[in-house]
Amino acid sequence: MKRNRLLLINPWVHDFSAYDLWARPLGLLILANHLRETGWEPFFLDCLDPDHPLLPEKSRRAGSRGRFHRTEIPKPPALKDVPRTFARYGVPYELISDDLRRMQRPDAILVTSMMTYWRTGLVETIDLLRESFPGVPVVMGGIYASILPENAERLCNVDKLVEGPGEMQIDRVLGDLLKTGAPKNIMAQIQFKPALDLLSNVRFLPLLTSRGCPYTCHYCASKIVAPFFVQRPVHAVITEIEESLDRYNCKDIAIYDDAFLVNANNHALEILKPFESDNPELRWHCPNGLHARAIDSKVAKVFRRCGFRTIRMGLESSSDTFNISTGGKTDREIFLRAVRFLREAGYVQEEIGAYLLVGLPGQTCSEIEEDVNFVLEAGAHPKLAEYSPIPGTYMWEDAVRQSVYPIIDETLFHNCTLLPAALPEVTSEFIGRTRRRIRDVLTNAKVQTGLINC
C-alpha cells in the first residue's frame, strides 16, 4: 500500500539576532518518528540547517553552537524605527527554493512554529511552500500556533492549525485532510523518540526525557504548550541514548526537558546511572535550565561523574518576594544550597550558569544589579535573559500595562530585543554594560585563582 508523503519544515527565523545553543527542531523530529510508526512517509527540510551542503564554508560550523547563517533583509513596517539591522537566519532563500524545486511533490506539508515574534519568517516559509507546491495542504503546529491560534490562523496561510502536542492529533488531522482516515490505536503508539536520521548531520543527541513542567511560573508558557507533565519510562530513554550513541558516534547530549530533575531519584538519576563511568568522553548539556531545589549533593556528584558541561539553573530573580509571587519555583536559600553542592562536586564559578530575567514589568536597574551581585557572590555565573511577554501567561497583563508597544495587536513587539515590558531606565545599553561587568568579574576571578594567565 502506498504511503502518503509528508514534508516536515523547520522555518526561517527573522530577527535582529539569533544564536544556536544546542538547538534542533526536536518536536518536529519526534513527530516525524511518530508518523513513520503510524503509516506515513515523512521527509524533512530544515531552513536553519547549519550543515546544509551548499552553505558557504564560513557559515558551516564544526561545533554545535554558534551563529546561524545571516542574510540582511528589510525590517517589517512595525519595526522600522528600531535602530538595528534585521536578518533572515538560516539557509539562503535561493538554496531552500532549489531544494523544494528538486523534491517530489508531497501529499501534505507540516510546518512548526516557535516564537510569536518570528512570525514573518514563518510567513515567508509558508509563502514559498505554497508557490512550490500549489494545492498541497499545509498544517501548522508548534509554540506560536498553541499560544496564539487565532492570530496564527489569521496571519499565516495554512489549511489547518494544531494546538499543543502534535502526536496526539496529527493522524486524525491528516486523515481528514487527505481523506485516508486515521490509523488505529494511535494513542498506544505515541513515543518521544526523534527521527534523527532526517538531519543532514547528527552533531549531538537532542534528548527529551519528559514533557511539560509541574510548576506554573507566571512568565512561562510551558503549561500552555504542554498542559500535562509526563515523564518517559527510564528504560526507553536509556535504550534511545545507547542506540543513538552507537549509530551516530556523538560525544554530546543536549537535554531539552523543562523539568529534568523532578523526581530525580526515580527518573534523572536512574537514566544517568549507566553513563556514570562507561562513557568518559561523553558530555551532557542542560541549556533549558534546571530546578535548583532538586540539586543536592548526590545530583551534583552524579553530574560531575557523567561529564555535565552546560549547567543552567532557572533563578530568574534573587528576590524571594518575586519568586514566591510568581510560582514558588525557587528562593535564595535553595539556590545558594544548589551552588554549594555543585562547587563541592568540583564545578568552578564559570561552569554554573544561573538565568536571570531582565526587562520584567516594574523591574529597576538597581534590582537587576542586585540579582547579578547575588549570583556572583554565590559563586555562580549570571546569564541575563531578556524577558519576552507571552500571551496567556499570568504576567501578560502586567506586560500589557507596562509596555509602550501595542503588544496585544502586533506579535512582532513581543521580541525580547525590544525590552517591550521594561521600565524606561532598563535599556539595551544598560544590559550590555552589565554583561561586560559580569565578564570582567569572572575573568578577574580566573586570574586570581590561576586558571588563566594575565
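If you go through region 16-39, how many residues are surrounded by fewer than 23 Cβ atoms within 10 Å (Cβ to Cβ), of a type in the set (D, E, K, R) and under 23 Å from Glu124 (Cβ atoms)?
Qualifying residue count, region 16-39: 1.
Out of Leu412, Leu342, Leu356, report the one residue that is assigned by TED's automatic domain parsing to the domain that holds Thr330 and either more than 22 Å from the chain's Cα centre (by Cα) or at positive phi (or both).
Among Leu412, Leu342, Leu356, only Leu342 is assigned by TED's automatic domain parsing to the domain that holds Thr330 and either more than 22 Å from the chain's Cα centre (by Cα) or at positive phi (or both).
If a residue has to be aromatic (Phe, Trp, Tyr) and more than 20 Å from Cys217 (Cβ to Cβ) to count, how many in region 246-271 make the cut?
The number of residues fulfilling the criteria is 1.
So how many residues does region 304-326 have that are in a strand (DSSP E or B) and small (Gly, Ala, Ser)?
Of the residues in that region, 1 qualify.
What are the residues in region 147-170 that are more than 20 Å from the chain's Cα centre (by Cα), farther than 23 Å from Leu128 by Cα and part of a helix (DSSP H, G or I), if any?
Hit for region 147-170 is Met168, nothing else.
Consider region 337-352. How many of its residues are buried (at least 19 other Cβ atoms within 10 Å of the Cβ) and either in contact with a Pro (Cβ under 7 Å, 6 or more places away or on another chain) or β-branched (Val, Ile, Thr) (or both)?
Looking only at that region, the number is 2.
Report whether or not Glu276 is farther than 30 Å from Met115 by Cβ, modelled with pLDDT under 95 and among the acidic types (Asp, Glu).
Considered against the rule, which asks whether it is farther than 30 Å from Met115 by Cβ, modelled with pLDDT under 95 and among the acidic types (Asp, Glu), Glu276 comes out as yes.
Return the total of residues in region 420-437 being over 16 Å from Asp371 (Cβ atoms) and part of a loop (DSSP other than H, G, I, E, B).
Qualifying residue count, region 420-437: 4.
Mind counting the residues in region 344-397 that are more than 26 Å from Cys306 (Cβ to Cβ) and not acidic (Asp, Glu)?
Looking only at that region, the number is 27.
Which of the residues spanning region 389-408 are under 17 Å from Phe322 (Cα atoms) and either hydroxyl-bearing (Ser, Thr, Tyr) or not in a helix (DSSP H, G or I) (or both)?
Pro389, Thr393, Tyr394, Met395 - these are the residues of region 389-408 that are under 17 Å from Phe322 (Cα atoms) and either hydroxyl-bearing (Ser, Thr, Tyr) or not in a helix (DSSP H, G or I) (or both).
Taking the residues in region 52-88 that are assigned to a loop (DSSP other than H, G, I, E, B) and of a type in the set (A, V, I, L, M) as candidates, determine which candidate is modelled with the highest pLDDT.
Ranking the qualifying residues of region 52-88, first place goes to Val82.
Tell me which of these Ala378 doesn't satisfy, since it passes every other one: (1) surrounded by fewer than 20 Cβ atoms within 10 Å (Cβ to Cβ); (2) of a type in the set (Gly, Ala, Ser); (3) in contact (Cβ under 8 Å) with a residue 12 or more places away in the chain; (4) over 24 Å from Arg154 (Cα atoms).
(1)
The values are calculated or read from the model by the stated rules, or taken from the named source; none is laboratory data. Model, not experiment: these values are computed from the prediction. Ideal geometry is used to build each Cβ from the backbone, glycine not excepted, and the neighbour counts take in all protein chains shown.
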